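The values are calculated or read from the model by the stated rules, or taken from the named source; none is laboratory data. Keep in mind that this is a model prediction, so the values were computed, not measured. No Cβ is skipped: glycine too gets one built from the backbone with ideal geometry, and neighbour counts run over all protein chains shown.
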Amino acid sequence: MWGLYGTYGVGIAADKDTMNAVWNANQGSGTVVAVLDTGSTVHPDLDSNYVAGYDFVSSASPSCRSGATNSDGDYVDTSTYGALGWDSNPLDPGDWTTVTSASCGNAGNSSWHGTHVAGTIAAVTDNGQYVAGVAPLAQIQPVRVLSFAGGGS
């Protein structure tokens, strides 16, 4: 993780050689880390490290989760993101919306914060994709507890 080295050699790692030696000796094998955040998305750096998670966020409107048929993005595909309300699918369908005249507003871009956190922890290495996590052999249990409003009921 380049960020651990800091800018211009000033970072949080007091001894880079020791930090690298520890990373090489133990990369999280046998460890499960629960990430309580916006949930996670399908991602080539993470897919092999996911274990079962849960979605504790309820949608405000059933019509917003009735299927991926609206070209404006008002609907969430329930076959991918799970049924309305609490379910065992922690995938993140987007954590904020914009207010429009539509009944539930358009699903907007997400911060994908839960995926970012999961990647910092356990993104796999040596796959020619994106980044490497600090514990690439750890498993991630995504737990969706945050939505576009920060939390949910």
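Are any of the residues in the range 63-73 crowded, with 20+ Cβ neighbours inside 10 Å, in contact with a helix residue (DSSP H, G or I) (Cβ under 8 Å, 6 or more places away or on another chain) and either at pLDDT 50 or above or part of a loop (DSSP other than H, G, I, E, B) (or both)? The answer is no, given that none of the residues of the range 63-73 is crowded, with 20+ Cβ neighbours inside 10 Å, in contact with a helix residue (DSSP H, G or I) (Cβ under 8 Å, 6 or more places away or on another chain) and either at pLDDT 50 or above or part of a loop (DSSP other than H, G, I, E, B) (or both). Residues in the range 23-56 that are part of a loop (DSSP other than H, G, I, E, B) and among the polar types (S, T, N, Q): ASN26, GLN27, SER29, THR31, THR38, THR41. All of (1) of a type in the set (Asp, Glu); (2) touching a strand residue (DSSP E or B) at 6+ places or on another chain (Cβ under 6 Å); (3) modelled with pLDDT of 55 or more hold for ASP47 with one exception: (2).
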